[in-house]
Amino acid sequence: MNVALCQPRPVALSSPARVAIFASLAEAEPHWRALESGDAVGTPYQRFDFLSVWHHHIGTALGVEPFIVTGFDHAGAPLFLWPFGRRKLTGLRVVEFLGGKHANFNHALLRHDLTQAAVLDAFDDILRRLDGQADAVTLTQQPLSWQGTANPLARLPHQLSPNTGHSGALGADFDALLRARTNADARKKMRKKAQTLFESGAPRFARAVTADETRRVLDTFFDQKRARMKAQGIPDVFGDPNVRRFVETLALKRGANDMPAIELYSLSVGETIVATTGGIAGGGRFCCMFSSIIPDRFTKESPGEQILVHIVRDLCARGFTTFDLGTGEARYKRLFCNDAEPLFDSFFPLSAAGRLYVTAERLSASTKRFIKNTSVTWSLLNAARRIRGRFA
């Protein structure tokens, strides 16, 4: 008999005394908010306000049941929270992060005094608890680290996600930042484009403050996004009424600091909005969620690039330290977001059927990554989409 197997494992620092799985967001809310307001690692996409609105407008329609895994210390204070949901896919019960496609980054809320070993022990225990309650756990688009803190789950088996995140450091001096990111010729071209654009009308850059301003920017965004997605032959995810209500609710909802959950920016020429951007902020980081530009008109003047310049200037003045443009490759992202942030996916089968499902998911993700990282294949796919868009 192996005596070592009979010995109790040493308790890691701040390991949980109790783990609970909440079947509703309301039950988990007090513990969730305690972690948010305390010293915890987590992205803005895992905030309670963001995910509760997502679940109300989108998750419920998709059949997602909250499955909020929370650990507590001996004093009853929360140590960690994994904002999971469970739904049926192809007849299987799958556990995944809440937020779906609208969360660019997925991460647990982890108190800073938790050791990596404690987190991994807790997660291993969670997988055992899920036996009989789920067939698979699929955790996608997880950052290897967040705000300088390593993601413990990156120490478990995983594979790179199809997409990569893109971010850049900010500073108080915007002009110095711009000089560091561009050369004199590039800045001259940017100034010329701005002058040409504003020959058509008085320029105005603004962050939406009032409800009327918010609704006007959102209406413009949805119209511009619909036209662009059609031209590119890509389904417009924002065309779903549930998605629209989700975005509108977060843009109009004010938090404890009197700031909306989603901040909206616009760039106008005269009375015409030529570009929009929306994003969420937290921990000194601004995360872009979506953007749009006016179709056809002003293409040569690059209104999308110009609104980015104004946004970054504003963020520097407000003391932000990091700016990100979400996931996916695009040339315009390199202007201020030249730091690549690798993301990873974790797949854990919990039943025989779950093993088949996980195998298919791993293969699908690997294929997507290959296509997106092979320039010829990706170019051909985008060309085919554009052709399809013309005849749609």
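When L62, L89, L98, L109 are checked against the criterion of being surrounded by fewer than 23 Cβ atoms within 10 Å (Cβ to Cβ), touching a strand residue (DSSP E or B) at 6+ places or on another chain (Cβ under 7 Å) and within 30 Å of R245 (Cα to Cα), L62 stands alone in meeting it. Pairing each residue of region 17-31 that is more than 14 Å from A77 (Cβ to Cβ) with any residue that is part of a helix (DSSP H, G or I) and hydrophobic (A, V, I, L, M, F, W, C), provided the two are 6+ apart or on different chains, yields C-beta distances under 7 Å for F22/A28; E29/F48.
For region 228-241, how many residues are part of a helix (DSSP H, G or I) and surrounded by 15 or more Cβ atoms within 10 Å (Cβ to Cβ)? Total meeting the criteria: 5. Checked against (1) at pLDDT below 90; (2) over 22 Å from F105 (Cβ atoms), M259 passes all but a single condition, namely (2).
Here is a yes/no grid of residues against (1) charged (D, E, K, R); (2) part of a helix (DSSP H, G or I); (3) over 29 Å from A275 (Cα atoms):
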residue	(1), (2), (3)
I126	no, yes, yes
L139	no, no, yes
Q142	no, no, yes
L160	no, no, yes
N163	no, no, no
L178	no, yes, no
R187	yes, yes, no
K192	yes, yes, no
A206	no, no, no
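Selection over region 190-240 of residues that are touching a Pro at 6+ places or on another chain (Cβ under 8 Å) and over 20 Å from A261 (Cα atoms) gives a count of 7. Scan region 336-359 and tell me whether some residue there is surrounded by fewer than 12 Cβ atoms within 10 Å (Cβ to Cβ), modelled with pLDDT of 95 or more and of a type in the set (G, A, S). Yes; the residues of region 336-359 include at least one that is surrounded by fewer than 12 Cβ atoms within 10 Å (Cβ to Cβ), modelled with pLDDT of 95 or more and of a type in the set (G, A, S). Restricting attention to region 30-61, the residues being among the hydrophobic types (A, V, I, L, M, F, W, C), touching a helix residue (DSSP H, G or I) at 6+ places or on another chain (Cβ under 7 Å) and not in a helix (DSSP H, G or I) number 1. Which of the numbered conditions does Y332 fail, given that it passes all the others? Conditions: (1) outside the structural domain of T182 (by TED's automatic domain parsing); (2) hydroxyl-bearing (S, T, Y); (3) in a strand (DSSP E or B). Condition not satisfied by Y332: (3). As for region 233-251, it holds no residue that is under 28 Å from R181 (Cβ atoms) and under 22 Å from the mean Cα position of the chain (by Cα). Exactly one residue out of G326, G389, G319 is modelled with pLDDT under 95 and surrounded by fewer than 16 Cβ atoms within 10 Å (Cβ to Cβ), and it is G389.
Scanning region 251-272 for residues that are of a type in the set (A, V, I, L, M) and either out of contact with any Phe, Trp or Tyr (no Cβ under 7 Å at 6 or more places or on another chain) or outside the structural domain of L197 (by TED's automatic domain parsing) (or both) gives A251, L252, A256, M259, I262, L264. The condition of being modelled with pLDDT of 95 or more and farther than 19 Å from I293 by Cβ holds for only one of L250, L218, L267, that being L250. Kindly provide the set of residues from region 337-350 that are under 18 Å from the mean Cα position of the chain (by Cα) and either outside any strand (DSSP E or B) or small (G, A, S) (or both), ordered by number. C337, N338, A340, S346, listed by residue number. Cβ-Cβ contacts under 6 Å between residues 6 or more apart (or on different chains), taken from a first residue in region 205-231 that is over 18 Å from Q306 (Cα atoms) to a second residue that is part of a loop (DSSP other than H, G, I, E, B) and among the charged types (D, E, K, R), are listed as R226/D236; M229/D236.
Looking only at residues that are assigned to a helix (DSSP H, G or I) and buried (at least 18 other Cβ atoms within 10 Å of the Cβ) in region 286-304, which one is modelled with the lowest pLDDT? That would be E301.
The values are calculated or read from the model by the stated rules, or taken from the named source; none is laboratory data. Only a predicted model underlies this, so the values are computations on that prediction, with no experimental measurement involved. Virtual Cβ from ideal backbone geometry, glycine too; neighbours counted across all protein chains shown.
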